[in-house]
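Visitor: My questions will all concern the structure given below.
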Amino acid sequence: MVKASGCRMDITNLPMFGLIKERMNWVGQRQQVIAQNIANADTPEYRARDIKKFDFQRTLREHTPNSKVGKGATMRATHPMHLSGRVGSIASAASRADRKPYETAPDGNSVVLEEQMVKMNEAAIQHSAMVGLYRKHLRMIKLVIRGK
């Protein structure tokens, strides 16, 4: 809680902190699933699992004030050098289908440790990025409150 001029404000209710919190929860859940996969790498008939990808567009729509159903935040160019904000080839290039594991052990286990370690590393990087964003936003709010 931050106390500013006699009133108390819970900064975790700000939309940006809500988005960061939601993403960190997703990353934490994914790390648990990956850890279960690694722990069961020798369990017969165990199938590697993963959770549904984090849908940033849906989350942004849910956290955008004044958004209508089916419409999210829109960007507006205020300078001729700004990007248009249209999603096109970048989104199609970034989207990829996760492939099915190509290796299955004779006992039916589909956990490939190398794949799981890569996924765990991705999750750790995503977690670090969210912690960094949280800290930066917290510092900005503290600067505003202090009036510097």
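The values are calculated or read from the model by the stated rules, or taken from the named source; none is laboratory data. Please read these numbers as outputs of a predicted model, since none were measured by experiment. Cβ sites come from the backbone with ideal geometry, for glycine too, and all protein chains shown count toward neighbours.
Visitor: Among Tyr134, Tyr102, Tyr46, which is modelled with pLDDT of 90 or more, part of a loop (DSSP other than H, G, I, E, B) and of a type in the set (Phe, Trp, Tyr)? Please lay out each step first, then the result.
Guide: Working: Tyr134 fails: part of a loop (DSSP other than H, G, I, E, B); Tyr102 fails: modelled with pLDDT of 90 or more.
On inspection, the qualifying residue turns out to be Tyr46.
Visitor: Find the residue count for the range 37-59, including only residues that are among the polar types (S, T, N, Q) and in contact with a helix residue (DSSP H, G or I) (Cβ under 8 Å, 6 or more places away or on another chain).
Guide: Keep residues of the range 37-59 that are among the polar types (S, T, N, Q), which gives 37, 40, 43, 57, 59.
Cutting the leftovers down to in contact with a helix residue (DSSP H, G or I) (Cβ under 8 Å, 6 or more places away or on another chain) gives us 37, 59.
Of the residues in that region, 2 qualify.
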